[in-house]
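Enquirer: Would you mind keeping the following structure in view while I ask a few things?
The values are calculated or read from the model by the stated rules, or taken from the named source; none is laboratory data. In this text the structure is predicted, and so the values were computed from the model without any measurement. As a convention, Cβ positions derive from the backbone with ideal geometry for all residues, glycine included, and neighbour counts pool all protein chains shown.
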Amino acid sequence: MDELNQISQTLALSMGAAWGSGINLYATLLMLGYLAHTGSMDLPPDLMIVADPLVMTAAGLMYAVEFFADKVPGVDTGWDTLHTFIRIPAGAMLAAGAIGDIGPAAEIAAAIVGGGLAGATHVTKAGSRALINTSPEPFTNWTASIMEDIAVFAGVWAAIQHPAFFVVGLVLFILLMIWALPKLWRGIKRVFKFLAKLFGASSDEDILSTPSDGKLPKPD
């Protein structure tokens, strides 16, 4: 039973770090660093670096920048685009580091799965934001950003304190992503086709796929 609990804790920490990184990397680093720094949890040796005050300070500063950038329509999409090259590799590294000293093969497997999970959550977040930004009012954007922050802090905490519940929740989240991503992708393509026409694109595909009245079609 103890071995099973250890496996579930390791799995939850590894996948929780990757999942959180895809949504808000700096909030994930802050949460892990704070819990380890205060003695609320024991991180594997490869992850103890996140509890270093210098790393926590850097993560805190970047979280403050993201907190405001993430709530400005348009700026948040640019921020998400830039972080495609940051969140996914970081998620893979954190997932591998959470495995501990099980072995190189386990670390590589965790990095592959963790990178994929971070990529999927990142695309889901970025896609949702691109659609939300088609609304002229900023309140849905602010609400989405705040809810994402809360979800990351709560999710990382649950992965550490209640790993079994987190794993169940993660499975449900993955199923939801599988259902939502095709719809988000269709909506995102419509957004970019509309923007292409708005800025003078003249390809036949863009013209035929954009309504003649110039209005942005609603996503499915």
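Per-residue answers, yes or no, for (1) of a type in the set (Val, Ile, Thr); (2) within 18 Å of Gly119 (Cα to Cα); (3) in contact with an Asp or Glu (Cβ under 8 Å, 6 or more places away or on another chain); (4) modelled with pLDDT under 90:
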{"residue": "Leu61", "(1), (2), (3), (4)": "no, no, no, no"}
{"residue": "Asp76", "(1), (2), (3), (4)": "no, yes, yes, yes"}
{"residue": "Thr81", "(1), (2), (3), (4)": "yes, yes, no, yes"}
{"residue": "Ala90", "(1), (2), (3), (4)": "no, yes, no, no"}
{"residue": "Gly103", "(1), (2), (3), (4)": "no, no, no, yes"}
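Enquirer: Moving to a separate point now. Looking at the range 123-166, which of the residues that are part of a helix (DSSP H, G or I) and among the hydroxyl-bearing types (Ser, Thr, Tyr) is farthest from Asn5 (Cα to Cα)? Reasoning before the result, please.
Expert: First, the residues of the range 123-166 that are part of a helix (DSSP H, G or I): 123-132, 139-161, 163-166.
Retained after the next criterion (residues that are among the hydroxyl-bearing types (Ser, Thr, Tyr)): 124, 128, 140, 143, 145.
Values: Thr124: 30, Ser128: 35, Thr140: 40, Thr143: 36, Ser145: 33 Å.
Here the answer is Thr140.
Enquirer: As an exercise: evaluate Pro53 against (1) over 29 Å from Leu176 (Cβ atoms); (2) under 20 Å from the mean Cα position of the chain (by Cα) and give the number of the one condition it does not meet.
Expert: Unmet for Pro53, out of (1) over 29 Å from Leu176 (Cβ atoms); (2) under 20 Å from the mean Cα position of the chain (by Cα): (2).
Enquirer: Looking only at the range 119-160, count every residue that is under 17 Å from Gly20 (Cα atoms) and either buried (at least 18 other Cβ atoms within 10 Å of the Cβ) or modelled with pLDDT of 90 or more (or both) and tell me the total.
Expert: Residues of the range 119-160 that are under 17 Å from Gly20 (Cα atoms), as a first pass: 119-129, 144-160.
The next check asks that each one be either buried (at least 18 other Cβ atoms within 10 Å of the Cβ) or modelled with pLDDT of 90 or more (or both); those that pass are 119-127, 129, 144-160.
Residues in the range 119-160 being under 17 Å from Gly20 (Cα atoms) and either buried (at least 18 other Cβ atoms within 10 Å of the Cβ) or modelled with pLDDT of 90 or more (or both): 27 in total.
Enquirer: Follow-up. Restricting attention to the range 165-203, and to residues there that are among the small types (Gly, Ala, Ser) and modelled with pLDDT under 90, which single residue is surrounded by the most Cβ atoms within 10 Å (Cβ to Cβ)? First the steps, then the outcome.
Expert: From the range 165-203, those among the small types (Gly, Ala, Ser) are 169, 180, 187, 196, 200-203; that's our starting set.
Next, only the ones that are modelled with pLDDT under 90 stay: 180, 187, 196, 200-203.
Working: Ala180: 13, Gly187: 19, Ala196: 17, Gly200: 7, Ala201: 15, Ser202: 8, Ser203: 11.
Among residues in the range 165-203 that are among the small types (Gly, Ala, Ser) and modelled with pLDDT under 90, the one surrounded by the most Cβ atoms within 10 Å (Cβ to Cβ) is Gly187.
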